[in-house]
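Participant: Provided herewith is a single structure, encoded as structure tokens, for subsequent inquiry.
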Amino acid sequence: MKILIVEDEQEIAQSIKNYFKTNGIQCETAERYDLALSKIESYDYDCILLDLMLPDGDGFDILRELKRKNKTDGVIVVSAKETLETRLEGFNLGADDYLTKPFHLAELLVRMQALIRRKNFKGCNSITFNEIVIDIFSKTVSVNDIKLDLTKKELDLLLFLIGNENKVLSKSAIAEHLSGDMADMLDNHDFIYAHIKNLKKKLHQAGSGDYIKTVYGLGYKWENE
């Protein structure tokens with residue numbers, strides 16, 4: 001998962017980031033309206049945690065911009081505003097969920113995971129693709145009942161590929177998903193080839209079909225044989 005936390009209160013943003021990190025979730029932060037818009041325009045996120053009151057802009061305008069650009073990032077509004085009118089406006093502008101401050105980090109995590117399951121995997125906690133079974137909660141993968149020893153990056157890559165079945169994913173898109181905005185600082189994306197190669201090898205050794213296809217000059221895609 002790749003998450004963007006749009007929150008000007010640094011203590012709150014950092015506490016969310018630290019909590020999510022212990023759960024294996026990659027987070028980026030934006031404490032200003034202009035920075036949030038820049039990140040949203042440049043990257044795709046599994047979920048955006050959006051505070052409505054920013055020092056240089058309105059969170060509702062970010063929702064409007066997401067809608068205008070037809071972005072499909074999930075959005076959970078996290079705000080101290082708790083009026084019915086505010087909630088309705090957020091939902092009408094495309095927010096997927098609304099959580100009022102103060103909140104428990106555990107609840108935020110569960111809501112976010114549920115949102116991503118709804119968007120990417122039709123609400124399922126377990127993903128089955130032929131002989132491959134992925135348990136999202138326990139973060140385990142098995143092929144023909146053989147448990148695979150995958151790294152976190154390999155698991156993230158597998159979920160990203162399956163979640164975008166039959167779509168060609170460029171190396172830059174995969175690098176962005178795995179490394180966030182740090183991908184722009186990398187000299188090249190050769191590490192993607194290494195992750196693809198290792199993942200394919202582990203799947204093959206367990207008896208999986210060859211679902212990861214190389215689309216020469218473009219990237220990779222996951223497709224049924």
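The values are calculated or read from the model by the stated rules, or taken from the named source; none is laboratory data. Everything quoted here is computed from the prediction, not taken from an experiment. Cβ placement follows ideal geometry from the backbone for every residue including glycine, while neighbour counts extend to all protein chains displayed. These accessible areas exclude ligands, DNA and RNA; they are computed on the full protein's heavy atoms, side chains included. Shrake-Rupley method; radii C 1.70, N 1.55, O 1.52, S 1.80 Å.
Participant: Report the calculated FRET efficiency for Glu89 and Asp135 (r = Cβ-Cβ distance, R0 = 45 Å), to the nearest 0.05. Each step should come with its number before you reach the end.
Facilitator: Values: r = 37 Å, r/R0 = 0.83.
Plugging the Cβ-Cβ distance into 1/(1 + (r/R0)^6) gives 0.75.
Participant: Working out 0.36 nm times the residue gap between Ala80 and Lys101, then minus their Cα-Cα distance, what length gain in nm do you get to one decimal?
Facilitator: My answer for the length gained is 7.1 nm.
Participant: Please sort by residue number the trypsin sites (Lys or Arg not before Pro) in the stretch 80-176 whose DSSP state is loop and whose Cβ has at most 10 other Cβ atoms within 10 Å.
Facilitator: Those satisfying the criteria are Lys122.
Participant: Between Asn70 and Glu223, what FRET efficiency follows from the Cβ-Cβ distance if R0 is 22 Å, with the result rounded to 0.05?
Facilitator: 0.35
Participant: Compute the FRET efficiency between Lys200 and Arg118 as 1/(1 + (r/R0)^6), taking r as their Cβ-Cβ distance and R0 = 22 Å, and round to the nearest 0.05.
Facilitator: 0.15
Participant: Another one. Using a simple charge model, +1 on the beta-carbon of Lys and Arg, -1 on the beta-carbon of Asp and Glu, nothing else, what dipole does the chain show about its Cα centre, in debye to the nearest 20?
Facilitator: Computed about the Cα centre, the dipole is about 840 debye.
Participant: Dipole of the chain (Lys/Arg Cβ +1, Asp/Glu Cβ -1, origin at the Cα centre): which of Tyr193, Cys27, Met53 lies farthest to the positive side?
Facilitator: About the Cα centre, the residue reaching furthest to the positive side is Tyr193.
Participant: Using the Cα centre of the stretch 8-138 as origin and beta-carbon charges of +1 (Lys, Arg) and -1 (Asp, Glu), tell me which of Val110, Ala80, Ile62 is placed farthest towards the positive end of the dipole.
Facilitator: Val110
Participant: While we're on this one: Could you report the accessible area of Leu4 in Å², rounded to 10, computed with a 1.4 Å probe on the protein chains as they sit in the structure?
Facilitator: Leu4 has an accessible surface of roughly 0 Å² with all protein chains in place.
Participant: Here's another thing I want to ask about it. I need the GluC sites (Glu not before Pro) found in the stretch 8-98, filtered to DSSP loop residues with at most 11 other beta carbons within 10 Å of theirs.
Facilitator: Passing both the DSSP loop test and the Cβ count: Glu82.
Participant: Next up: Check each of the chymotrypsin sites (Phe, Trp or Tyr not before Pro) in the stretch 84-165 and keep only those in coil by DSSP with at most 14 other C-beta atoms within 10 angstrom; list them in order. Walk me through the numbers on the way to the answer.
Facilitator: Working: sites: Phe91, Tyr98, Phe103, Phe121, Phe129, Phe137, Phe160; in loops: Phe103, Phe137.
Of the chymotrypsin sites (Phe, Trp or Tyr not before Pro), the ones in loops of the stretch 84-165 whose Cβ has at most 14 other Cβ atoms within 10 Å are Phe103, Phe137.
Participant: In the structure shown, do any of Lys147/Lys201; Lys69/Lys171; Lys39/Lys69; Lys39/Lys101; Lys152/Lys213; Lys171/Lys197 have a Cα-Cα gap over 18 Å, and if so which?
Facilitator: In this structure, Lys69/Lys171; Lys39/Lys101; Lys152/Lys213 lie more than 18 Å apart at Cα.
Participant: Hey, can you grab everything whose amide H is under 5 Å from the amide H of Leu54? Only 5+ residues off in sequence or another chain; H modelled, so Pro and N-termini drop out.
Facilitator: Result for Leu54 returns Gly59.
Participant: Of the options Gly94, Ile174, Ile40, report the single residue whose Cα projects farthest towards the positive end of the charge dipole of the chain (beta-carbon charges: Lys, Arg +1; Asp, Glu -1).
Facilitator: The residue sitting most towards the positive pole is Ile174.
Participant: Also, I was wondering about something else. Obtain the nm distance between the two label points defined at Thr151 and Ser38 by a simple spin-label model: each point lies 7 Å from its Cα along the Cα-to-C-beta direction.
Facilitator: 3.0
Participant: Rounded to the nearest 500 deg cm²/dmol, what is the calculated helix-only ellipticity per residue at 222 nm for the chain, with -39500 (n - 2.57) per DSSP H run of length n ≥ 4?
Facilitator: -13000 deg cm²/dmol
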